[in-house]
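The next block holds one structure in the form of structure tokens; read it before the comments.
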Amino acid sequence: MLDPSTSSGKRTDLLRVTYAEMAGAQPEGLWFGPGRVNLIGEHTDYNDGFVLPFALEKKAVVAAGRREDDLLVMYSLELQERVEIPLSGLAPGTGGWSGYLAGVVWALQMSGHPVGSATLVLSSDVPLGAGLSSSAAIECAVVAAMCDLYHLDIEPMDRAKIARLAENSYVGAPTGLLDQAASTLCQEDSGFFLDCRSLEGVHVPLPMAEQGFEMLVLDTKTPHSHVDGEYGARRQSCEEAAAILGIPALRDITDLDDALSRLEDDVMRKRVRHVVTENSRTLEAYEVARDGRLADLAPLLDASHASMRDDYEITVDTVDLAVDTARGAGALGARMTGGGFGGCIIALCHTGDGEGIAQQIAEAFAAAGHRTPEWFTATPAPGAGRLA
Ligand code: ADP
Ligand code: MG
């Protein structure tokens, strides 16, 4: 069997062949949803704050077409697994990986959109569970496919909300809108600055190559443990602090010192300080990018990492080692990206430096007895749509 990751041409060929075998016809089209990296704005989304992601060239692709019967037939090239569900049998909480596809069809139905049956053959080169949002990539690809197949005129932000509904209510993962908004709305060579309260977003140029930069994305391959509990604890701490301060969300703090003086718990104070300073760093990153000063992102990335390490306490040894080594090896700035306790780091580098920096991180990992990391350099890519 062809390795789906070998090249995008081979991958689309394989999708078409597999689709034809399953449906007895050519697909009506191919649609994609990209993975994403969060440039800055970590754990700010559920505090009604700001995030600034960009989409990756790594993406989920679905070959899709309508069917005569009432079935949803789904296949993953990576898992080599086929799942079939009657449309009338869609029920939240069912279906492992296929829930990310079936959930979208269910969420479209729940939102009042008339969708019918489909064959959906999936292949994705977004690494699973690395914090690059392989789940939203699938959901947003399927939303794009179903909208075109069934001629649904749904605004991009509403598409993102439907994808999120699938993840929250069908799969059962309580995430914010960041991943789906990024995968749906991002544009080439741009970041998407999103206000998670108003859901207003602005595209901001990130012409990294033009300015002599590249972004290294390195997966530390750290196994996650106790992540759900830690995430829940952080959220709870933020909600409690907001309640004590008498504000709807930590986003509403205008005087940090005053807020901190009104909180008694040391840990809670640290959590609040991260959220408030991260929000202002994200706003500043937006302004820096808007003004075309990409080098000035570097100190913001560094400060964000320090805040996640010392105040929010969501980094781990591998992640800190990767960030420190990246800086020592010539990265301009670096931070962990994603929810924490492992996952990926990003490092802003001069063009051509990313590979050497990654090699040095790999050596440091080997010396420390950690797993071998994986990496690539990222260019901001477009959001979900039709591929062919
Ligand atoms: P992340 O979004 O950070 O990658 P999640 O846990 O949210 O991690 O989503 C990962 C899940 O998405 C996987 O466990 C799997 O169910 C599904 N998934 C991702 N890629 C594929 C794929 N190529 N084929 C089938 N399922 C996939
Ligand atoms: Mg996910």
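The values are calculated or read from the model by the stated rules, or taken from the named source; none is laboratory data. This structure is a prediction, so every number in the text was calculated from the model and none was measured. Here the Cβ is made from the backbone with ideal geometry for all residues, glycine too, and neighbour counts use every protein chain on show.
A few notes on this one:
- Residue 336, sole failed condition from (1) touching a Ser or Thr at 6+ places or on another chain (Cβ under 8 Å); (2) in a loop (DSSP other than H, G, I, E, B): (2)
- Selection of the stretch 319-333 for residues being in a helix (DSSP H, G or I) and over 13 Å from residue 298 (Cα atoms) yields 319, 320, 321, 322, 324, 325, 328.
- Residues satisfying the stated conditions in the stretch 319-336, i.e. farther than 15 Å from residue 215 by Cα and surrounded by fewer than 21 Cβ atoms within 10 Å (Cβ to Cβ): 320, 321, 324, 328
- Take the conditions (1) at negative phi; (2) over 15 Å from the mean Cα position of the chain (by Cα); (3) of a type outside the set (Asp, Glu); residue 199 misses just one of them, which is (1).
- Residue 187, sole failed condition from (1) under 17 Å from the mean Cα position of the chain (by Cα); (2) within 16 Å of ligand 2 (Cβ to nearest atom); (3) not acidic (Asp, Glu): (2)
- Subset of the stretch 124-167 (residues that are in a loop (DSSP other than H, G, I, E, B), closer than 22 Å to residue 199 by Cβ and more than 15 Å from ligand 1 (Cβ to nearest atom)): 152, 153, 154, 155
- For residue 74: the one exception among (1) more than 23 Å from residue 9 (Cβ to Cβ); (2) within 11 Å of ligand 1 (Cβ to nearest atom); (3) out of contact with any helix residue (DSSP H, G or I) (no Cβ under 7 Å at 6 or more places or on another chain): (3)
- Considering 17, 61, 51, the condition of being among the hydrophobic types (A, V, I, L, M, F, W, C) and surrounded by fewer than 24 Cβ atoms within 10 Å (Cβ to Cβ) is satisfied by 17 alone.
- Listed by position, the strands (runs of 3 or more DSSP E) inside the stretch 15-89 whose residues that are more than 27 Å from the chain's Cα centre (by Cα) and under 18 Å from residue 147 (Cα atoms) number at least 1 are 50-66, 71-76.
- Looking across the stretch 87-133, the residues that are among the β-branched types (Val, Ile, Thr), modelled with pLDDT of 95 or more and more than 16 Å from ligand 2 (Cβ to nearest atom) come down to 105, 115, 119, 121.
- Residue satisfying all of: in the stretch 283-295; surrounded by 16 or more Cβ atoms within 10 Å (Cβ to Cβ) and more than 17 Å from residue 380 (Cβ to Cβ); nearest to the chain's Cα centre (by Cα) among these: 283
- Leading residue by the ranking (surrounded by the fewest Cβ atoms within 10 Å (Cβ to Cβ)) among those in the stretch 152-168 that are closer than 18 Å to residue 385 by Cα and acidic (Asp, Glu): 153
- Which numbered condition residue 77 misses (of (1) of a type in the set (A, V, I, L, M, F, W, C); (2) more than 18 Å from residue 34 (Cβ to Cβ); (3) touching a Pro at 6+ places or on another chain (Cβ under 7 Å)): (2)
- Within the stretch 308-318, the only residue that satisfies the criterion of being under 21 Å from the mean Cα position of the chain (by Cα), part of a helix (DSSP H, G or I) and surrounded by fewer than 22 Cβ atoms within 10 Å (Cβ to Cβ) is 309.
- Matching residues in the stretch 224-241 - criterion: being at pLDDT 90 or above and among the polar types (S, T, N, Q): 236, 237
- Boolean, residue 121 is touching a residue at least 40 places away in the same chain (Cβ under 8 Å) and assigned to a strand (DSSP E or B): yes
- Cβ-Cβ distances below 8 Å connect the following pairs, each with a first residue in the stretch 292-315 that is within 14 Å of residue 38 (Cβ to Cβ), a second residue that is surrounded by 18 or more Cβ atoms within 10 Å (Cβ to Cβ) and among the polar types (S, T, N, Q), and a separation of six or more residues or different chains: 305/315; 308/315.
- Test: residue in the stretch 139-158 that is within 11 Å of ligand 2 (Cβ to nearest atom), under 18 Å from residue 34 (Cα atoms) and either touching a Phe, Trp or Tyr at 6+ places or on another chain (Cβ under 9 Å) or modelled with pLDDT of 95 or more (or both): yes
- Matching residues in the stretch 169-228 - criterion: being under 28 Å from residue 325 (Cα atoms), among the hydroxyl-bearing types (Ser, Thr, Tyr) and surrounded by 14 or more Cβ atoms within 10 Å (Cβ to Cβ): 190, 220, 222
- Qualifying position, being buried (at least 24 other Cβ atoms within 10 Å of the Cβ) and farther than 27 Å from residue 8 by Cβ, among 107, 141: 107
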